[in-house]
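Enquirer: Okay, here's the structure, questions in a sec.
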Amino acid sequence: MFPGGMEVGDEELAALERVIRSKNLFRYYGVGDGPQEVAAFEREFATHMGVRHALCVNAGSSALICGLIGAGVGPGDEVIVPAYTWNATPNSVLACGALPVLAEVDESLTLDVADAERKLTSRTKAIVPVHMRGAPADMGALTALAERHGLVLVEDACQAAGASFAGRRLGAFGDAGAFSLQFNKIITTGEGGVMITDREDLYELAIDVHDCAGSVRRDAGLPRFPGWNFRASELIGAVARVQLTRLDGLLERMRANHAQLSEEVDALPGLTLRSPNDEGGDAGIALIAFTESAALACEAAAALQAEGVFAMQIYSREVVDLHVYPYWRPVLDAIASAGAAPPDCPRTLDLLERTVHIDVSPLCDAQDLDEIALAFRKVATQVLA
């Protein structure tokens, strides 16, 4: 779907030209007036998300690692993650030296709060809710859970830039929030990411994590952490600034298209829309409905594709998909090496097998939406009825 990617145009080109002509490609030093783009984007992004600090990095995975380590997650800790997310989420936990503990998702396809609480142990340090496909997790219940047990909360909002829960932007609820700017995300720089936080201590340590010279650059003494080079270039910063100006317009169009299609699909037999935790806060990037069985979901997706609508079943046992935990080999190996029982999340697999998923593009016009709705009506009456 590539919402922001399909909007790339003259403004991004002008921003890149500005950087190239300045010769300031590196964010921390250069020539003349010096680099400005990444720092400006961080200020603008923090303001947009309603937080004190933003740290631009080279990937969403890096943003997660910075947030987790910045919040104190390390060796010996356990971190609750949902069993449905891109594998970068549990991989980031492993990169911190901690162990992912997998919990079920519910009908919103986000972290099941009750199962997350059941999976807590004396070693649990953090919870990582993931706002999958632009849908907010239940941040009210998850924030309360973290506070009740004294846990770190790091939000994976990589697929949900600009989405919200109870009127507050996602990523701003926890100790830290992580966003991706990869090409398939709502706004994009091709590759890139952002970590946000209100915590000064977390932000300062995250700087050291993302740059092995971070503490020296800010005159804070020698490094406290053996950091990586997760730095964003000025080229990323320049494009990100333009893309950020597009975000609210993209969300407005996707949400309008999503609302229209949801109303159509919700009235059809054999299909049940995924449950929203905050319907108005959803980014609107995907429409997901459940069928009564995995076989029907497979048939429905194939029938929609035959009608020209790109549809998919989120989980099929015949298709490798790194969004689903049975395919996370390094994670499963780490869990086994720790002597823990293999993860077992049957509800997650059942829900994902029964899904029919379509992207909702901001480029859809009225005719596109009518044709998609017609295809769903045909499938509902001919396949699912």
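The values are calculated or read from the model by the stated rules, or taken from the named source; none is laboratory data. Since the structure is predicted, the reported quantities are computational estimates derived from the model, not experimental observations. Cβ sites come from the backbone with ideal geometry, for glycine too, and all protein chains shown count toward neighbours.
Enquirer: What's the number of the only condition in (1) among the charged types (D, E, K, R); (2) surrounded by 23 or more Cβ atoms within 10 Å (Cβ to Cβ); (3) modelled with pLDDT under 95 that Glu279 fails to meet?
Expert: (2) is the only condition that Glu279 fails.
Enquirer: Moving on to the next point. Could you grab me the full set of residues in the stretch 284-324 that are touching a strand residue (DSSP E or B) at 6+ places or on another chain (Cβ under 7 Å) and either outside the structural domain of His357 (by TED's automatic domain parsing) or without any contact (Cβ under 8 Å) to a residue 24 or more places away in the chain (or both)?
Expert: Gln305
Enquirer: Quick one: how many residues across the stretch 318-362 are surrounded by fewer than 19 Cβ atoms within 10 Å (Cβ to Cβ) and either in contact with a helix residue (DSSP H, G or I) (Cβ under 6 Å, 6 or more places away or on another chain) or more than 28 Å from Ser262 (Cβ to Cβ) (or both)?
Expert: Matching residues across the stretch 318-362 total 17.
Enquirer: Do any helices (runs of 4 or more DSSP H) lying entirely in the stretch 195-291 carry at least 3 residues that are over 24 Å from Arg43 (Cβ atoms), and which ones are they?
Expert: Helices (runs of 4 or more DSSP H) meeting the threshold: 234-266.
Enquirer: Quick one: in the stretch 255-282, of everything that is touching an Asp or Glu at 6+ places or on another chain (Cβ under 9 Å) and among the hydrophobic types (A, V, I, L, M, F, W, C), which residue is nearest to Leu384 (Cα to Cα)?
Expert: If we take residues in the stretch 255-282 being touching an Asp or Glu at 6+ places or on another chain (Cβ under 9 Å) and among the hydrophobic types (A, V, I, L, M, F, W, C), then Leu273 is nearest to Leu384 (Cα to Cα).
Enquirer: Among the residues of the stretch 14-35, which ones are surrounded by 18 or more Cβ atoms within 10 Å (Cβ to Cβ) and in a loop (DSSP other than H, G, I, E, B)?
Expert: Scanning the stretch 14-35 gives Asn24, Arg27, Pro35.
Enquirer: Evaluate the stretch 135-152: report whether one residue or more is assigned by TED's automatic domain parsing to the domain that holds Asn87, more than 25 Å from Ile358 (Cα to Cα) and touching a Gly at 6+ places or on another chain (Cβ under 7 Å).
Expert: Yes, that holds for at least one residue.
Enquirer: Condition first: touching a residue at least 12 places away in the same chain (Cβ under 8 Å) and either under 16 Å from Ala267 (Cα atoms) or touching a Lys or Arg at 6+ places or on another chain (Cβ under 7 Å) (or both). Now tell me which residues in the stretch 359-370 satisfy that.
Expert: Pro362, Leu369
Enquirer: So, one more: Of the conditions (1) under 27 Å from Asp359 (Cβ atoms); (2) assigned to a loop (DSSP other than H, G, I, E, B), Glu11 satisfies every one except a single condition; which number is it?
Expert: The one condition Glu11 does not meet is (2).
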